[in-house]
Amino acid sequence: DAGVIQSPRHEVTEMGQEVTLRCKPISGHDYLFWYRQTMMRGLELLIYFNNNVPIDDSGMPEDRFSAKMPNASFSTLKIQPSEPRDSAVYFCASSLVYWGSSTDTQYFGPGTRLTVL
Amino acid sequence: GQQLNQSPQSMFIQEGEDVSMNCTSSSIFNTWLWYKQDPGEGPVLLIALYKAGELTSNGRLTAQFGITRKDSFLNISASIPSDVGIYFCAGTLYYGGATNKLIFGTGTLLAVQP
């Protein structure tokens, strides 16, 4: 398997612009996660999906952030409008849960480094 | 929110030395995971622990799930330059059903001098 795929790897945009980050999870995985990593706050969970349904979006910082998972192989994280404080590395991760046991192994993509000027 | 305290924050060692880092929490965790992150990359899973007291090895790496379920440690033996990176602990809290929501530690930066 190719692993979790994210695009773009780098994004530079100006304040106020819309930004869309994309993720393709590992085939067959039921869970998809979006994280944000900054020096100040470390790794923060923004939102996660199970079987394409958003389960917990309590980590989404503001209404400017939205995430969708239209199908099992694709998810987007959108920021509109973007602000300089949104500059960070955004990671997507996926995992598989077996019924009756807990497998919490999340596999991370390479991340998207976002810079908002 | 739940917190994972990871220590030390950074380590600067000589090649060949052994390394130890740990994570503690005031809460009980169901799972402990250890990840390594190389510069410009996403975290990569090193070791996963699912039972209290479990001791697991992966090559030169050894990790243990604390008996109290509130802590875990990671040891690296005979460090080599490619061990350089940031190591994160992570854990999941069990809410009566399977959950995959991970809480991450603050990370330990490891530098290895040849």
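Per the listing A:GLU83, A:GLU62, the residue uniquely of a type outside the set (Val, Ile, Thr) and modelled with pLDDT of 95 or more is A:GLU83.
In the range B:57-114, counting only strands (runs of 3 or more DSSP E) that sit wholly within it, the ones holding 2 or more residues that are modelled with pLDDT of 90 or more and either hydrophobic (A, V, I, L, M, F, W, C) or out of contact with any strand residue (DSSP E or B) (no Cβ under 8 Å at 6 or more places or on another chain) (or both) span B:61-65, B:71-76, B:85-92, B:108-113. The condition of being touching a helix residue (DSSP H, G or I) at 6+ places or on another chain (Cβ under 8 Å) and β-branched (Val, Ile, Thr) holds for only one of A:ILE55, A:ILE79, A:ILE47, that being A:ILE79. Scanning the range A:8-49 for residues that are under 11 Å from the mean Cα position of the chain (by Cα) and of a type in the set (Ser, Thr, Tyr), we see that the one that is surrounded by the most Cβ atoms within 10 Å (Cβ to Cβ) is A:TYR35. Quick check, is A:THR20 of a type in the set (Val, Ile, Thr) and farther than 24 Å from B:GLY91 by Cα? It is true that A:THR20 is of a type in the set (Val, Ile, Thr) and farther than 24 Å from B:GLY91 by Cα. Where strands (runs of 3 or more DSSP E) sit wholly within the range A:1-60, those with at least 1 residues that are without any contact (Cβ under 8 Å) to a residue 40 or more places away in the chain occupy A:42-50, A:53-56. From the set of residues in the range B:47-56 that are of a type outside the set (A, V, I, L, M, F, W, C), within 14 Å of chain A (Cβ to nearest Cβ) and touching a residue at least 12 places away in the same chain (Cβ under 8 Å), which is farthest from B:ALA111 (Cα to Cα)? Across the range B:47-56, the extreme among qualifying residues is B:LYS51.
Limited to the range A:73-87, what total is found for residues that are out of contact with any Asp or Glu (no Cβ under 8 Å at 6 or more places or on another chain) and not charged (D, E, K, R)?
Selection size over the range A:73-87: 7.
Among the residues of the range A:25-46, are any among the polar types (S, T, N, Q), away from chain B (no Cβ under 14 Å) and touching an Asp or Glu at 6+ places or on another chain (Cβ under 7 Å)? For the range A:25-46, residues among the polar types (S, T, N, Q), away from chain B (no Cβ under 14 Å) and touching an Asp or Glu at 6+ places or on another chain (Cβ under 7 Å): present. A:ALA88: crowded, with 16+ Cβ neighbours inside 10 Å, within 23 Å of B:PRO39 (Cβ to Cβ), at pLDDT 95 or above and within 14 Å of chain B (Cβ to nearest Cβ), yes or no? Yes, satisfied.
The values are calculated or read from the model by the stated rules, or taken from the named source; none is laboratory data. Because the structure is a prediction, the values reported are computed rather than measured. Every residue, glycine among them, receives a Cβ derived from its backbone with ideal geometry; neighbour counts consider all protein chains shown.
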